[in-house]
There are 4 protein chains.
Amino acid sequence: MTDRPLRADARRNRERVLAAAQEAFAAEGLSVPLDEIARRAGVGAGTVYRHFPTKEALFEAAILDQVEKITAHARDLTTADDPGTAFFEFLEQLVLQGGVKRDLADALRANGGDYPRTVSRDLEAALATLLSRAQQAGAVRPDISVGDLLTIIKGIFLAAHDAGATPGLRERTFAVMTDGLRTSR
Amino acid sequence: MTDRPLRADARRNRERVLAAAQEAFAAEGLSVPLDEIARRAGVGAGTVYRHFPTKEALFEAAILDQVEKITAHARDLTTADDPGTAFFEFLEQLVLQGGVKRDLADALRANGGDYPRTVSRDLEAALATLLSRAQQAGAVRPDISVGDLLTIIKGIFLAAHDAGATPGLRERTFAVMTDGLRTSR
Amino acid sequence: MTDRPLRADARRNRERVLAAAQEAFAAEGLSVPLDEIARRAGVGAGTVYRHFPTKEALFEAAILDQVEKITAHARDLTTADDPGTAFFEFLEQLVLQGGVKRDLADALRANGGDYPRTVSRDLEAALATLLSRAQQAGAVRPDISVGDLLTIIKGIFLAAHDAGATPGLRERTFAVMTDGLRTSR
Amino acid sequence: MTDRPLRADARRNRERVLAAAQEAFAAEGLSVPLDEIARRAGVGAGTVYRHFPTKEALFEAAILDQVEKITAHARDLTTADDPGTAFFEFLEQLVLQGGVKRDLADALRANGGDYPRTVSRDLEAALATLLSRAQQAGAVRPDISVGDLLTIIKGIFLAAHDAGATPGLRERTFAVMTDGLRTSR
DNA sequence: GATGAATGAGCATTCATTCAT
DNA sequence: AATGAATGAATGCTCATTCAT
C-alpha cells in the first residue's frame, strides 16, 4: 500500500549526487568533471545521467535551492515599507550569506550568452522590482539597470572566490559596492 | 656548420610567440589552446615549449608586459600633485583602457593556485602608494586595502568580460566602483 | 499472498513488449535502444529481460510474427494454378506491402553473425517451392536459387530504407527486380 | 636541401591510418570505432585526428581512392561508341570488382540524408551521363533515374556483404539487376 | 635549436545488461 | 514477477606535453 517501494534508494542516490554536485560546483564552478561528481557521490556516471539529463541540468539543479531561497527573500522584500533599506538588505543577504559560491558566480554568467539563463529569470525579475522601487525612493542611483547590478554581483563573487579566505574582504568589497550604488549627493 | 646568429632567431621567435599569446589571451583568456597560439605565431608547438616550460608560464610572460606598463604608469602618478585625482585617473586608465582584457582578469585571479601573484608584486606596491596617498589626502575611504582594491578590479574585469559587449556597462560599473571608493560624505 | 493469475499478467506484458518492439524495430531497425522499447511498452527494462534474454532475442521474436504471416502467404500460393503469377504476386506482397520495414531488412541481414537464419527457415522452404514451381513453369529464370532471391529482396529493403521517402522508388526498384527475374526472351 | 625532413614519418603514419581505416571500413562499414582503427594502425587516437579532422572525414578519405578510380572509369566510358555496352560494362566493373565493400555501401547511403554526399558527386554525374546515353540508345529502360540506379547498387552491396562469401552470388545478383535494367521487349 | 607529429589522459554522453527492492 | 535504478564500458573528440627528426 505504501506507494514508494524502492524509490527510497533512488531518492537517496539522487540526493547524494545533488549534494556532491553542490559541493563540487560551489568549490570549483562548472569546470568540475561530471565523472568526479559521480565518484564523490559514490555512483557510476550513468546514475548521474539517470537523474539529470545533462551536466548543465545538474548544475542548474545544484543551484536551484540557493536561487529559490534568494528569490523568495527578494520577493518578500518587494513590499517592504522602506524600499532603500529593503534593497540593501537584500544585497547583503545575497552577497554575504554562505561561503564562497563559485557556482553562483557561474550561474549568473548567463548574460555572456550560453548558460543557465533559465534559473535566474525569477530572481532577476524580483531584483528588478527591488531596484526600481529603491531608485524611485531616491535611495539608489538612477543610472543603473538590473543587468548592471547582476554583473557587479557576479564580479564580486568571482573575485571573492579567487581571493580565497581573506578575512573581511567580502564585507569591505560589499561596502564599496553599496556606497557606490547609493544616490550621490 | 653554418654559424648563423641563432640567438637572434631564437629571440625573434620568442617575441612572436609572446605577441601571439598576448593577442590570443587578451581575446579569449586562458582557454585558448596552446597549439592555436603556436599557429598564430607561425611556429611549432615545440618552439613554444622551448621558450616557456608550461602554458602557465607563457601566460604569465604574456601578461608581464601589460602589467609592467601599468605598473610604470602607477609609479609615475605616485608623485602627482593631486593624489586623489591621480588615483582615480589610474583606475580609469586601468579599467577602461583597451578592449576587454580577458587575460588581465585571468591574471588577477588565481590565488587558489599560485599564478600571477608573482607578476603583480610591483604593481601592487605602486598601487599601495597611490592608494594610501589618496587616502591620506581624504579622497578615498580609509577602510580599504590594496588587496581589496585589486579584488574589486579583478571582479570588474571578470564580470565585464562575461557580460560581453553590453554597451556602457564597463563605464557604469566603473562609476559605481569609484563612487564607492570615495570618502563617504 | 494474493493468488492472482500471474501468468496472465506476464503474458500480457510479453505481448505489450513484443508489440512495442515490432513498432519500434519496424520504424528504426535494430538501433532503437531497449529502454525506449520498454518505455513504449509501459514496462520496466527488467521486464523485457525477463521475457527475452537479449536484445537480439527480442528482435528475432519481434520479427517472427511477420515472418510467419509471410510464410503462411507463401505456403498458400504454393498450390496456386499459375506458378508464375503466384510467385510474382508473392514478391509484390512482400516487397511493396506496408511502410518501409527497417526491421525486415535488419532481419534478413546477419549471416556474418548468427541472427535470424533461424527465423527464416520455414519461409525459405516455402519460397523455395514457389520459386522452383515458377522456374519449372518457365516464368522465372532457372539460374537463380532461393538464397539469391533472398539476398536480392534483402538488398531492396536495405536500400529502400536508406533512400527514405523517395516517391516511387520502391516500385521502380521492384520492377527492375521482377523483370530481371523473368525468363529472358 | 631536401625539403621533406620529417614528413616521411608523418606520411607513413597517415598511410598506416588510412590503410587501417580502409581495411576496417571495408570489412565493417562506418560502425568501426575510431579507436579501433587507431589501434590497428598502431597509433594513438590523437594521431588519427591530426590527419583527419573527423571520423566522417577519415571515412571519405578511405573511400576516395576507390571512388576516384570508379569515377575515372565511368568518365572514360562516357564517350564509348556503344552506350549500352559501356553502361553495362561499367556496372560490372563497379559491382563485381574487388572484394565485398561494406564501406562503399555506406558511402552510397548519402540519399537518406546525412553522410558522405561529397565524395560521390562526381561519380553520380558521370553515371548520369552513362545512364542517359544508354537510355537514349534504347539499351536501358527509360523509367529509371540515377538515384534509382544508385539505390539498387547500394542494395546489392549491402545484401552481398551480409550474404558473405556465397560463391557466384554477386554474379547472379548482378545478372538479375542488369537484365531488369534492359529495355523490356 | 626548431618542427610539428605523436601521445594519451580526459571529457560529456549513451546504452545493453544486472540487481536490489 | 516486475520494476526501474545502477553500472560501466564505449564513443567521438580535444589538448597539454613529449620527442623523433
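Within segment D:9-34, residues that are closer than 15 Å to residue D:48 by Cα sit with their Cβ atoms under 7 Å from residues that are within 13 Å of DNA strand F (Cβ to nearest atom) and among the basic types (Lys, Arg), at 6+ positions apart or across chains, in these pairs: D:20/D:40; D:24/D:40; D:34/D:55.
Would you point out the residue of segment C:161-177, among those that are in a helix (DSSP H, G or I) and more than 7 Å from chain D (Cβ to nearest Cβ), that is surrounded by the most Cβ atoms within 10 Å (Cβ to Cβ)?
The selected residue is C:161.
For segment A:47-57, a residue qualifies if it is near DNA strand E (Cβ under 8 Å from one of its atoms) and crowded, with 20+ Cβ neighbours inside 10 Å, and exactly one does: A:48.
If you go through segment B:6-40 and keep only what is more than 23 Å from residue B:157 (Cβ to Cβ), within 13 Å of DNA strand F (Cβ to nearest atom) and either of a type in the set (Gly, Ala, Ser) or under 15 Å from the mean Cα position of the chain (by Cα) (or both), you end up with just B:38. Scanning segment A:142-157 for residues that are within 14 Å of residue B:176 (Cβ to Cβ) and crowded, with 18+ Cβ neighbours inside 10 Å turns up A:144, A:148, A:149, A:150, A:151, A:152, A:153, A:154, A:155, A:156.
A single entry from C:129, C:151 fulfils the requirement of being facing chain D (nearest Cβ under 7 Å) and of a type in the set (S, T, N, Q): C:151. Residue pairs whose Cβ atoms lie under 7 Å apart, sitting 6 or more positions apart in sequence or on different chains, and linking a residue in segment C:70-83 that is outside the structural domain of residue C:123 (by TED's automatic domain parsing) to a partner that is of a type in the set (Lys, Arg), do not occur here.
The values are calculated or read from the model by the stated rules, or taken from the named source; none is laboratory data. Not measured: the values here are computed from a predicted model. Note that we place each Cβ from the backbone using ideal geometry, even for glycine, and neighbour counts take in every protein chain shown.
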